[in-house]
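Just below is one structure, and these are the notes that go with it.
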Amino acid sequence: MNSKTIVAVLLITLGIVVLAYSGLNFKTPGETINFLGMHLATTENHFIPPVGGALMLVGGIALLLVKPKSAG
């Protein structure tokens with residue numbers, strides 16, 4: 001398996017997961033706020049909409065179907 005095939009399979013898998021869950025929510029650590037000697041940790045919420053999953057799925061399938069141009 002070459003790297004193009006691996007990326008295509010990952011895109012297809014992630015696209016199916018996003019579509020299956022009607023979008024995907026995840027949190028990342030935000031910045032730490034220091035206020036009056038207290039350290040407050042924040043998080044940032046992110047959302048991948050189903051349209052993003054469909055685009056990943058189509059992009060992965062397209063990568064699998066495109067043949068590399070031969071040299072010469």
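The values are calculated or read from the model by the stated rules, or taken from the named source; none is laboratory data. Model, not experiment: these values are computed from the prediction. All Cβ positions, even for glycine, are placed from backbone atoms using ideal geometry, and neighbour counts span all protein chains on display.
Below, the figures for the structure above:
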read-out: Qualifying residue in region 64-72 (condition: without any contact (Cβ under 8 Å) to a residue 60 or more places away in the chain, surrounded by 10 or more Cβ atoms within 10 Å (Cβ to Cβ) and under 30 Å from Met1 (Cβ atoms)); value: yes
read-out: Candidates Gly37, Gly30 - the one that is at pLDDT below 90 and touching a Ser or Thr at 6+ places or on another chain (Cβ under 6 Å); value: Gly30
read-out: Options Leu57, Leu10, Leu14, Leu24: the member that is in contact with a Phe, Trp or Tyr (Cβ under 8 Å, 6 or more places away or on another chain), surrounded by 10 or more Cβ atoms within 10 Å (Cβ to Cβ), among the hydrophobic types (A, V, I, L, M, F, W, C) and at negative phi; value: Leu24
read-out: Residue count, region 24-50 (criterion: more than 12 Å from the chain's Cα centre (by Cα) and assigned to a helix (DSSP H, G or I)); value: 0
read-out: Unique residue being of a type outside the set (Val, Ile, Thr) and in contact with a helix residue (DSSP H, G or I) (Cβ under 6 Å, 6 or more places away or on another chain) when the list is Gly53, Gly37; value: Gly53
read-out: Count - residues of region 29-54 that are closer than 17 Å to Val17 by Cβ and surrounded by 11 or more Cβ atoms within 10 Å (Cβ to Cβ); value: 7
